[in-house]
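These notes concern the structure reproduced below.
The values are calculated or read from the model by the stated rules, or taken from the named source; none is laboratory data. Remember, predicted model here, so these are calculated numbers, not experimental data. Reconstructed Cβ throughout: ideal geometry from the backbone, glycine too, with neighbour counts over all protein chains shown.
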Amino acid sequence: MPAILAALLSGLINIAGNIAGRVLIGLGIGVITYQGLDSSLDWLVDQAVSNLQALPADLVAIMGYLKVGSFINIVASAIAARFVLQGLTGGTMKKWVLK
């Protein structure tokens, strides 16, 4: 008897989840998944550093005194912190949207 009741309840929960999802889609509410945000941030930092290294030696020395490398690191860390606060886990972030 308990096995039949458990199977019935799990089936009802599954159906309720499907119905709720269809109602939300019908209302124009959905979920968007963003992937690859952490790798995009790494690519952006790598591009910034490689472009700075292509400058003449005098400009690189001046930028070293101005701590431009620390600035890039601070900005990248701030962007990463914002991603984490918005729900980034494992390189993906899910966000509710209205259509």
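Residue 87: surrounded by 10 or more Cβ atoms within 10 Å (Cβ to Cβ), at pLDDT below 70 and either assigned to a helix (DSSP H, G or I) or within 21 Å of the chain's Cα centre (by Cα) (or both), yes or no? For residue 87, the condition - surrounded by 10 or more Cβ atoms within 10 Å (Cβ to Cβ), at pLDDT below 70 and either assigned to a helix (DSSP H, G or I) or within 21 Å of the chain's Cα centre (by Cα) (or both) - is not met. When residues in region 31-75 are screened for being over 14 Å from the mean Cα position of the chain (by Cα) and either at pLDDT below 85 or assigned to a helix (DSSP H, G or I) (or both), 28 of them pass.
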